[in-house]
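Colleague: The structure follows.
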Amino acid sequence: MGRRADPCNHEAVAVTLSRDLVVETARRQLERDGATELSLRAVARELGVTAPALYAYVDDKGELMAAVAAEHFERLIERIETVDEDDPLERVRAVSRAYVDHALESPGLFRLMFNYPPSTAGEVDAFPPAARAFEVASRAMTAARDQGLLRSDDVDTACMVMWAAMHGVAEILLMDFGFDSEAAESLITSAIDTMLIGLVAYDRRW
């Protein structure tokens with residue numbers, strides 16, 4: 001239990017600590033101030049407790065940042081799982097767009113996620129939320145393969161190719177080169193179309 005200042009009346013209000021609250025507070029600070037400004041002391045200060053009180057919920061800053069990254073991967077998974085396109089290729093298109101949208105909405109958290117990248121090689125120390133996000137995103141490509149819509153049966157490579165393209169688009173847009181909304185939309189759409197043309201079987205192209 002801690003006490004936190006209420007910004008409306010400036011009176012101390014009771015705060016019941018939990019791991020979820022600690023992680024959510026860190027997430028807000030990361031989004032607002034960036035990873036370099038995050039510390040257990042800063043999180044504790046916002047919660048109105050001392051830094052040692054947080055050790056009941058996280059071991060150190062590294063674990064806290066991993067927890068924030070895991071939570072943001074879960075949000076990406078939720079976003080992907082809302083895609084309801086029946087056509088597998090349209091699902092690939094929508095999932096690809098969801099990935100870029102996720103990046104643009106929270107740039108700092110998006111970059112933090114890739115301190116804990118997904119693994120498709122079965123390493124013991126793979127970061128589970130990242131690996132699960134890759135698995136969920138790959139379902140659309142797997143469905144396209146199963147319907148004979150792809151040039152190759154190698155779903156992992158097809159997913160990596162599309163992911164590389166979408167990650168690159170996201171990074172370019174986050175560099176703030178002055179894209180307006182129309183130009184950004186054109187870049188995203190063109191990249192998805194170009195990748196699909198390369199991945200789709202010749203007799204299934206539109």
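FYI, it's all coordinate maths here, none of it is from the lab. As the structure is a prediction and not an experimental result, all values here were calculated from the model. With ideal geometry, Cβ positions are generated from the backbone for all residues, glycine too; neighbour counts draw on all protein chains shown.
Colleague: Taking R0 as 41 Å, what FRET efficiency do you get between T16 and F179 from their Cβ-Cβ distance, rounded to the nearest 0.05? Kindly include the intermediate steps, with their values, before the conclusion.
Modeller: Details: r = 44 Å, r/R0 = 1.07.
That gives a FRET efficiency of 0.40.
Colleague: Okay, moving on. May I ask which residue of G62, T142, G178 lies farthest towards the positive end of the charge dipole of the chain, with charges of +1 (Lys, Arg) and -1 (Asp, Glu) on Cβ and the Cα centre as origin?
Modeller: So the residue we want is G62.
Colleague: Hey, another quick one. What 222 nm value per residue comes from the helices of the chain, counting each DSSP H run with n ≥ 4 as -39,500 (n - 2.57) and dividing by all residues, nearest 500 deg cm²/dmol? Mind dumping the intermediate values first?
Modeller: Numbers: 8 runs with 127 residues, N = 206.
Helix-only estimate at 222 nm: -20500 deg cm²/dmol.
Colleague: Which residue fluctuates the most in the chain, going by a Gaussian network model with Cα springs under 10 Å, if the choices are P129, P52, P107?
Modeller: Looking only at P129, P52, P107, the largest GNM fluctuation is found for P52.
Colleague: For the chain, what is the charge dipole size about the Cα centre, in debye to the nearest 20, if Lys and Arg each add +1 at the Cβ and Asp and Glu each add -1 at the Cβ? Each step should come with its number before you reach the end.
Modeller: On the way: 21 positive and 36 negative charges, 87 e Å.
Its charge dipole is roughly 420 debye.
Colleague: log10 I(q)/I(0), Debye, Cα-only the chain, no solvent, q = 0.11, 0.12, 0.15, 0.18 Å⁻¹?
Modeller: Results for the chain at q = 0.11, 0.12, 0.15, 0.18 Å⁻¹ read -0.62, -0.71, -0.96, -1.20.
Colleague: I would also like to ask the following. Sequence-distant or interchain residues sharing an amide H contact under 5 Å with V200, placed H: which?
Modeller: For V200, whose amide H was placed from the backbone, the distant partners under 5 Å are R151.
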